[in-house]
Amino acid sequence: MSRPGSRKSKTAPSTAPAKQAYVHPALAVLQEGGCHITQSLEKPTILQLNRSTDHGNFSLFCIHDPDHAHIELYSIYPIKALPPAMLETLRLLNHINGCLPGGAYRLDFEDGEIIFHHCVHLGDTPPAYAVMRQALDLTHFALDSFLSLITEVALGRQTCATALAHQDKNPGDN
């Protein structure tokens, strides 16, 4: 029995196993491929890489969603669709999306932001280098191949039909 004011003997606190640090499943694969990567300290599920294309440099974000076992790649275009040209831009993006083997462009109707999204489903295993390389290559192709078309339509310089007709006549321009 302890007396009032006496100190209780300290018992060793139960030692809980240390929580393992989060490792983004694409990190090792992307580093193996020689990509320069920045990982968010606040949100380690987000990696950022820069891609250089014929039309400039793009930031590419790689987000791991552990709840749904997928990695999402997305890039925000350096231009926004102006309000009068949003419908024509959406028509063009829908046409381009139909030509791509995966991934898709999205248009935000509130601010005209154009984003390219691509998703890699993981299942129970981390992604293989070939899978991530293919996803990066598709994203790179989409960012590089259609920028001049998208810019012309998004800024209201051409309609979707005019831009596509011009593209058909000059397939090497993009």
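Brief remarks on what is shown
- As a proxy for reagent exposure, Ser148, Ser59 were ordered by neighbouring Cβ count within 10 angstrom, fewest first; the result is Ser59, Ser148.
- Taking the three principal axes of the alpha carbon atoms in region 27-173, the coordinate ranges are 45, 33, 26 Å, sorted in descending order.
- Backbone amide hydrogens, once placed in the peptide plane, bring Leu60 within less than 5 Å of Leu49, Asn50, Arg51, excluding anything fewer than 5 places away on its chain.
- Total formal charge among the other residues, if their Cβ is under 13 angstrom from that of Ser75, Lys/Arg +1 and Asp/Glu -1: -1
- Between Ala128 and Asp54, the FRET efficiency from the beta-carbon distance, with R0 = 25 Å, is close to 0.35.
- For region 152-159, Karplus couplings with θ = phi - 60° (6.51, -1.76, 1.60), whole Hz, Gly/Pro x: 4, 6, 5, 8, x, 7, 9, 7
- About the Cα centre, charge dipole magnitude for region 14-173 (Lys/Arg +1, Asp/Glu -1 at Cβ), debye: 100
Every read-out reported here was derived from the displayed coordinates using simple, explicitly stated rules and does not represent laboratory data. Since we're looking at a predicted model, the values are computed, not measured. Note that each Cβ is placed from the backbone with ideal geometry, even for glycine, and that neighbours are counted across all protein chains shown.
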